[in-house]
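Peer 1: Got a structure for you, written out below as structure tokens; questions coming shortly.
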Amino acid sequence: MQGKVIQAQQDQQVLFNEQAKATSSENQAVQVNSDNVVVKYRETLRFEKTCNYAVPTDIANGLFQYTNRLRSSAVPESTSKPNRSGTDTAAAVKLTYCQAVLWINPLLAAIEQANNQLDAIRQLQKKGKQ
């Protein structure tokens, strides 16, 4: 009986490792593709005359606050310090339309990577029920 349990755990560990490796490879390919797209976008935007136009300050501040709130919730500070995300007033920041364009592809790549990880978890859950 104990041998069967140990064997099942080993098989499950092998399955998890294989799935993690496959997902990691997929996500690495997504990142490389995203990096290449950003390089192409930078080359294209270099010649764009409207690149230095600023996004309205309220919108830029809102985007930066949202970004910082997401970042701080994903990587919280030590537990001895209170989490002050979203409570500080943000200094006025300048965001150009071209900078905003350059945010889009990495953001979509991050979403795709998260979706790949969630899909891998769902696949493992299905295999676990069989």
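Peer 1: If you look at just the Cα atoms of the chain, how large are its Rg and its Dmax in Å?
Peer 2: 21.4, 73
Peer 1: I've got another one for you. Would you check the chain for Lys pairs whose C-alpha atoms are within less than 25 Å, ignoring same-chain pairs closer than 8 in sequence, and give me the count?
Peer 2: Taking the chain as the scope, the lysine pair count is 9.
Peer 1: On a 0 to 90 degree scale, rounded to 10, what angle separates helix 57-74 from the longest Cα axis of the chain?
Peer 2: Orientation of helix 57-74: about 20 degrees from the principal axis.
Peer 1: Relative to the longest principal axis of the C-alpha atoms of the chain, give the angle of the C-alpha long axis of helix 2-45, reported between 0 and 90° and rounded to the nearest 10°.
Peer 2: Computed tilt is about 20 degrees.
Peer 1: Measure nothing but the geometry: give the 0 to 90° angle between the long axis through the Cα atoms of 97-129 and the longest principal axis through the Cα atoms of the chain, rounded to 10°.
Peer 2: Long axis of 97-129 versus the principal axis of the chain: about 10 degrees.
Every number in this text was worked out from the coordinates using simple rules, so none of it is lab data. Keep in mind the model is a prediction, meaning the values are calculated, not measured.
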